[in-house]
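**Student:** The structure's right below; bear with me while I get my questions together.
The values are calculated or read from the model by the stated rules, or taken from the named source; none is laboratory data. Here the structure is a predicted model, which means the values were calculated and not measured. Don't worry about glycine lacking a Cβ; one is built from the backbone with ideal geometry, like all the others, and counts go over all protein chains shown. Ligands, DNA and RNA are excluded from the accessible area calculation, which covers all protein heavy atoms including side chains. Shrake-Rupley method; radii C 1.70, N 1.55, O 1.52, S 1.80 Å.
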Amino acid sequence: MVFLRQLVAKRERIVSVSPGATVREAAEAMAAANVGCAAVLRANQLVGILTERDLVRRVLIEERHVDRTQVSEVMTDEVVVGKGDDQLGKAARLMRENHVRHLPVMEKDGTLLGILSIRDLLHEEIQDMRDYIGQSEG
């Protein structure tokens, strides 16, 4: 049984930005960490996420200026979240049902543990299948 807190523990640091950061600052932070999503935090509380999709749809398509547009203007603020003690299947179901590619994982006290991507979940599911097949053959 794999819990989300175990998956996020494998990930590197969380990329986060403040709501008042510019879109350029957020994009540079995401690019430097090679991630497609940043947590938007105000006083260590999750208030939204900024994804590559947000940048394309709400910045590029709308022709907003990256140095004058704040993250709070274009972030996703209705965030679907998973809990640290949720299992992999529940996270996959949440992402599928809500059509999201990134899932912030929260501890019961509201602490952000990390953000999982659909790629993270698929990688874990593939690894689980490989382990299962390896055990079946042995």
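**Student:** Suppose the filter is open to solvent by 30 Å² or more (accessible area, probe 1.4 Å), within 17 Å of Ile118 (Cβ to Cβ), in contact with a Pro (Cβ under 7 Å, 6 or more places away or on another chain) and in contact (Cβ under 8 Å) with a residue 12 or more places away in the chain; does Val79 pass it?
**Tutor:** yes
**Student:** Considering each residue of segment 62-109, count those that are in a loop (DSSP other than H, G, I, E, B), more than 23 Å from Val23 (Cβ to Cβ) and among the basic types (Lys, Arg), and give that number.
**Tutor:** Residues that pass the stated criteria total 1.
**Student:** In addition: Output the residues belonging to segment 45-58 that are of a type outside the set (Ser, Thr, Tyr), within 25 Å of Asp109 (Cα to Cα) and without any contact (Cβ under 8 Å) to a residue 60 or more places away in the chain.
**Tutor:** Within segment 45-58, Val47, Gly48, Leu50 qualify.
Yes or no, residue by residue, for (1) closer than 18 Å to Asp120 by Cα; (2) part of a helix (DSSP H, G or I); (3) modelled with pLDDT of 95 or more:
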residue: Ala29; (1), (2), (3): no, yes, yes
residue: Val35; (1), (2), (3): yes, no, no
residue: Val40; (1), (2), (3): no, no, yes
residue: Ile49; (1), (2), (3): yes, no, yes
residue: Val56; (1), (2), (3): no, yes, yes
residue: Val59; (1), (2), (3): no, yes, yes
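**Student:** Just checking, which of Glu137, Glu125, Glu25, Glu63 is open to solvent by 90 Å² or more (accessible area, probe 1.4 Å), at pLDDT below 95 and out of contact with any Cys (no Cβ under 7 Å at 6 or more places or on another chain)?
**Tutor:** Answer to the check: Glu137.
**Student:** Residues to consider are Val71, Val100, Val79; find the one that is touching a Gly at 6+ places or on another chain (Cβ under 9 Å), β-branched (Val, Ile, Thr), within 23 Å of Gln6 (Cβ to Cβ) and modelled with pLDDT of 95 or more.
**Tutor:** Val79
**Student:** Could I ask something else about it? Does segment 28-50 hold any residues that are open to solvent by 90 Å² or more (accessible area, probe 1.4 Å) and under 15 Å from Thr69 (Cβ atoms), and which are they?
**Tutor:** Glu28 - this is the single residue of segment 28-50 that is open to solvent by 90 Å² or more (accessible area, probe 1.4 Å) and under 15 Å from Thr69 (Cβ atoms).
**Student:** Among the residues that make up segment 12-23, is at least one of them in contact with a strand residue (DSSP E or B) (Cβ under 9 Å, 6 or more places away or on another chain), farther than 30 Å from Met1 by Cβ and in a helix (DSSP H, G or I)?
**Tutor:** yes
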